[in-house]
Amino acid sequence: MKTKWDKIFEKGYFLWKEPHPQIKRFVTFLKKRGVNKILDLGCGAGRHIIYFGKKGFIVVGLDISNKVLSIAQRRLEREKVKNCVLINHEMSSLPFPNEHFDAVVSINVIHHDKIKNIKKLLEK
């Protein structure tokens with residue numbers, strides 16, 4: 001079943017390729033703290049997972065849209081980034097145990113959910 005996000009991505013919206021400008025500074029911060037495994041919550045078309053993957057991190061990209069995950073997968077293959085995994089799942093109930101990741105990134109994503117779901121997510 002198509003989600004509203006599949007339809008949005010099919011129209012070509014939000015398919016950025018370049019990472020957010022602050023991500024480069026964030027990588028320095030993460031490396032100084034020994035971070036190895038990152039969850040990109042709402043990874044979209046993969047702009048951050050590709051960047052993090054190229055910097056040597058193990059990255060899991062999670063998104064609710066199969067459409068955008070297929071775009072992200074093609075980008076990962078084209079860029080020859082192997083240390084990234086994509087998972088189709090909604091963010092309100094993550095399929096990972098607590099403390100599974102060293103860091104979580106979510107750029108322009110969490111605010112699309114309902115407040116009660118955001119609070120539930122952040123409690124984990």
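Structure above, values below:
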item: Residues located in the stretch 32-54, provided they are part of a helix (DSSP H, G or I) and either touching a residue at least 12 places away in the same chain (Cβ under 8 Å) or buried (at least 23 other Cβ atoms within 10 Å of the Cβ) (or both); result: R47, H48, I49, I50, Y51, F52, G53, K54
item: Matching residues, the stretch 15-71, being more than 24 Å from P95 (Cα to Cα), within 14 Å of the chain's Cα centre (by Cα) and not acidic (D, E); result: L15, W16, K17, P19, H20, I23
item: When residues of the stretch 55-93 are limited to those that are of a type in the set (K, R) and part of a helix (DSSP H, G or I), the one modelled with the lowest pLDDT; result: K67
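The values are calculated or read from the model by the stated rules, or taken from the named source; none is laboratory data. All figures in this text were calculated on a predicted structure; none of them were measured in a lab. Cβ coordinates were reconstructed from backbone atoms using ideal geometry, including for glycine residues, and neighbour counts include every protein chain displayed.
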